1. Could you list all residues from the range 95-106 that are away from the ligand (no atom under 11 Å from the Cβ) and either outside the structural domain of T166 (by TED's automatic domain parsing) or open to solvent by 10 Å² or more (accessible area, probe 1.4 Å) (or both)?
2. Looking for whichever is of a type in the set (V, I, T), over 25 Å from Y18 (Cβ atoms) and in a loop (DSSP other than H, G, I, E, B) here; the options are V277, V291. Which one fits?
3. State which residue pairs qualify: first residue within 11 Å of S58 (Cα to Cα) and inside the range 83-111, second residue near the ligand (Cβ under 10 Å from one of its atoms) and among the basic types (K, R) in any location, beta carbons under 7 Å apart, and separation of 6 or more residues or different chains.
4. In the range 227-274, how many are open to solvent by 10 Å² or more (accessible area, probe 1.4 Å) and either of a type in the set (D, E) or part of a helix (DSSP H, G or I) (or both)?
5. Given the structure, is A348 part of a helix (DSSP H, G or I) and open to solvent by 20 Å² or more (accessible area, probe 1.4 Å)?
6. Taking the range 116-149, which residues are polar (S, T, N, Q), within 14 Å of the ligand (Cβ to nearest atom) and in a strand (DSSP E or B)?
7. Taking P305, is it over 20 Å from L255 (Cβ atoms) and touching a helix residue (DSSP H, G or I) at 6+ places or on another chain (Cβ under 8 Å)?
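The values are calculated or read from the model by the stated rules, or taken from the named source; none is laboratory data. Because the structure is a prediction, the values reported are computed rather than measured. Here Cβ is always computed from backbone atoms with ideal geometry, including for glycine, and neighbour counts include all displayed protein chains. Just the protein is used for accessible areas: all its heavy atoms, side chains included, with ligands, DNA and RNA removed. Shrake-Rupley method; radii C 1.70, N 1.55, O 1.52, S 1.80 Å.
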Amino acid sequence: MKDVLSSNWPHCMLQEIYQQPEVVAKCLERYGGVGIRDWQARIGEQESEIHILACGSSRHAGLVAQYWLEQLAGIPTRVRSASEFQEAPWPLTPNTLTIAVTQSGETADTLAALRLEKVRRAQSGHIQQSSWLGITNQPGSTLTQEVDHTLLTLAGSEIGVAATKTFTAQLVVFFCLTLDLAVQRRAIIEENLSQLLVALRQVPALMQQVLEQEKTIQDLAQQLVAAEHCILLGRGVNRAIALEGALKLKETTYLHAEGYSGGEFLHGPIALLDARVPVVTIVPNDSSSEVMLATVEKAKAHGSPAIGLVSQNLAAQTTSLFDSQIILPDLDYRLSPLLMVIPLQLLAYHIAVLRGLDVDRPRNITKTLA
Ligand code: BG6
């Protein structure tokens, strides 16, 4: 096991990827119980809708959260890219919790969208029926001064421009919030809740097991180092992980990567495939695994190299299908994004290293677009 505190890391991004089990454990300690807790300050108690504003990786965390909030807590949830919000704000709804997510707490688009929403609500008379929550990694940031409540992601400072540990910390905070809301609203049965809590507490140790596969991922990076395009597929709760994996690849390797929902991919983007376009498919053990594997068959028929991120209990049946597969420990599929994202972070990291790129400071982007 690597010593995450040592300073002998070739890049901050790698160290930050390895810090994830520890960060998740910290977030669980703070937020991982269920019931009305000090941190919760009755967030979302009255509201019947949730609106999430964010950019980049934070938006992807919001998309995973949308799945959880709707499927586990039964709360209609919208997610909008904060950079699109000025042009296309959503219709105002009463009793709404608006959540702004930004690891830095300073992203200009996210703050502007939040401010616009406050003005719109004030002008419409909906202000009394709304509340404002910020999720950020920066105590004292501008975001924290403009919301009613802040949930801190406790990831410690993240130097690498590509978000890694702050992303998984955002997921954990969102998941804990979802469970709290689900319990408050009696939207979840006791048995389901206990299963999820048991699974949640296993996450840090299982993340550690995923990290132990770094060598396999490094070999895969070697195979992909010359690729110019890459497609990533996920369904349901992992659709946003396909988007996040593609963003990591774009940001750090400059490879043209696109993430799609496995279903939507068949409606057009599949035309992109040939032997030069590898397809990375996320296959947790859930009700969509069969349909995902059928999509992989189709991709292979067009000549694409097929790479799978596969749950352990499916691995025996998928070995002959995938050209390469990374096997992930079994975990309730609803929590699988927390594991599935790690091989994608490591893959982006290793391709960037093999390409001789400045992993921690990629060209053209900054950590915070303030
Ligand atoms: C972009 C960064 O500028 O901001 C992305 O390049 C990041 O990596 C995005 O995800 C959002 O940042 P934040 O701080 O609002 O979460």
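1. N95
2. V277 is the lone residue from the list that is of a type in the set (V, I, T), over 25 Å from Y18 (Cβ atoms) and in a loop (DSSP other than H, G, I, E, B).
3. Final answer for the pair search is S104/K367.
4. Summing the residues that are open to solvent by 10 Å² or more (accessible area, probe 1.4 Å) and either of a type in the set (D, E) or part of a helix (DSSP H, G or I) (or both) in the range 227-274 gives 15.
5. So A348 fails the test.
6. The one that is polar (S, T, N, Q), within 14 Å of the ligand (Cβ to nearest atom) and in a strand (DSSP E or B): T136.
7. Criteria not met by P305.
For every residue, the table says whether it meets (1) at pLDDT 95 or above; (2) among the acidic types (D, E); (3) open to solvent by less than 80 Å² (accessible area, probe 1.4 Å); (4) over 30 Å from H51 (Cα atoms).
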{"site": "V172", "(1), (2), (3), (4)": "yes, no, yes, no"}
{"site": "C176", "(1), (2), (3), (4)": "yes, no, yes, no"}
{"site": "A182", "(1), (2), (3), (4)": "no, no, yes, no"}
{"site": "R185", "(1), (2), (3), (4)": "no, no, yes, no"}
{"site": "L196", "(1), (2), (3), (4)": "yes, no, yes, no"}
{"site": "A199", "(1), (2), (3), (4)": "yes, no, yes, no"}
{"site": "Q202", "(1), (2), (3), (4)": "yes, no, no, no"}
{"site": "L206", "(1), (2), (3), (4)": "yes, no, yes, yes"}
{"site": "E212", "(1), (2), (3), (4)": "yes, yes, no, yes"}
